[in-house]
């Protein structure tokens with residue numbers, strides 16, 4: 001039964017992830033965001049192609065769909081499946097990222113899942129992780145102006161911070177007030193590792209450009225260069 005619950009969490013999360021904010025926003029403004037900039041249906045490309053307002057709207061939309069999925073999982077888990085509450089939240093969040101990155105109706109070509117992953121971090125209500133990831137992202141982007149690098153640092157810190165806190169017994173099931181078992185913690189480590197793996201996979205081209213010093217910096221792209229890159 002618990003396996004079925006986990007699968008349902010992924011499926012429900014995937015449905016939330018199918019809400020492609022950048023694509024919808026672009027269509028409302030007469031363009032297909034996939035035909036411009038990096039071709040990515042996400043926050044950074046919306047920011048570069050459509051401006052700061054678009055970037056903010058897309059970021060919040062992608063963030064909130066993940067928060068909504070996690071809140072739904074938290075409510076259902078608390079009421080009916082308290083023993084697997086954390087795994088339910090994480091599996092739902094992972095489903096959102098998968099749906100965002102690989103939407104079936106867009107030929108499985110969506111965004112890169114960073115804003116959605118940030119929504120999952122918020123949905124966990126772990127303020128240590130939230131503060132650490134937020135500060136790391138702001139500092140990295142402020143210093144380097146590489147959003148991709150800041151994003152990869154965030155997903156890495158998400159896993160590392162959760163792992164360290166879990167190893168020190170920081171997590172207690174809010175529904176039962178019992179400490180999480182080693183099995184539940186290991187499952188959570190694996191799920192969060194999958195978040196990081198997806199992020200690195202979707203950023204593989206960015207990583208190559210970072211290594212060669214060719215990655216685009218935020219706000220450095222000229223308007224005439226926003227046509228889709230090959």
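The values are calculated or read from the model by the stated rules, or taken from the named source; none is laboratory data. Not measured: the values here are computed from a predicted model. No Cβ is skipped: glycine too gets one built from the backbone with ideal geometry, and neighbour counts run over all protein chains shown.
Limited to segment 161-191, what total is found for residues that are in contact (Cβ under 8 Å) with a residue 24 or more places away in the chain, farther than 13 Å from residue 124 by Cβ and either within 23 Å of the chain's Cα centre (by Cα) or in a helix (DSSP H, G or I) (or both)?
The total comes to 4.
Give me a count of the residues in segment 24-44 that are closer than 22 Å to residue 14 by Cβ, in contact (Cβ under 8 Å) with a residue 60 or more places away in the chain and assigned to a helix (DSSP H, G or I).
Count: 2.
Quick one: which of 59, 158, 137 is touching a helix residue (DSSP H, G or I) at 6+ places or on another chain (Cβ under 7 Å), in a helix (DSSP H, G or I), crowded, with 17+ Cβ neighbours inside 10 Å and free of Cβ contacts under 8 Å to residues at least 24 places away in the same chain?
Being touching a helix residue (DSSP H, G or I) at 6+ places or on another chain (Cβ under 7 Å), in a helix (DSSP H, G or I), crowded, with 17+ Cβ neighbours inside 10 Å and free of Cβ contacts under 8 Å to residues at least 24 places away in the same chain holds for just one of 59, 158, 137, which is 137.
Would you check if there is a residue in segment 140-155 being within 20 Å of residue 64 (Cα to Cα), within 13 Å of the chain's Cα centre (by Cα) and not in a helix (DSSP H, G or I)?
no
Pick from 185, 152: which is in contact with a helix residue (DSSP H, G or I) (Cβ under 7 Å, 6 or more places away or on another chain), buried (at least 16 other Cβ atoms within 10 Å of the Cβ) and modelled with pLDDT under 95?
185
Would you check which residues across segment 62-84 are over 17 Å from residue 119 (Cα atoms), touching a helix residue (DSSP H, G or I) at 6+ places or on another chain (Cβ under 9 Å) and in contact (Cβ under 8 Å) with a residue 40 or more places away in the chain and list them?
Within segment 62-84, 77, 78, 81, 83, 84 meet the criteria.
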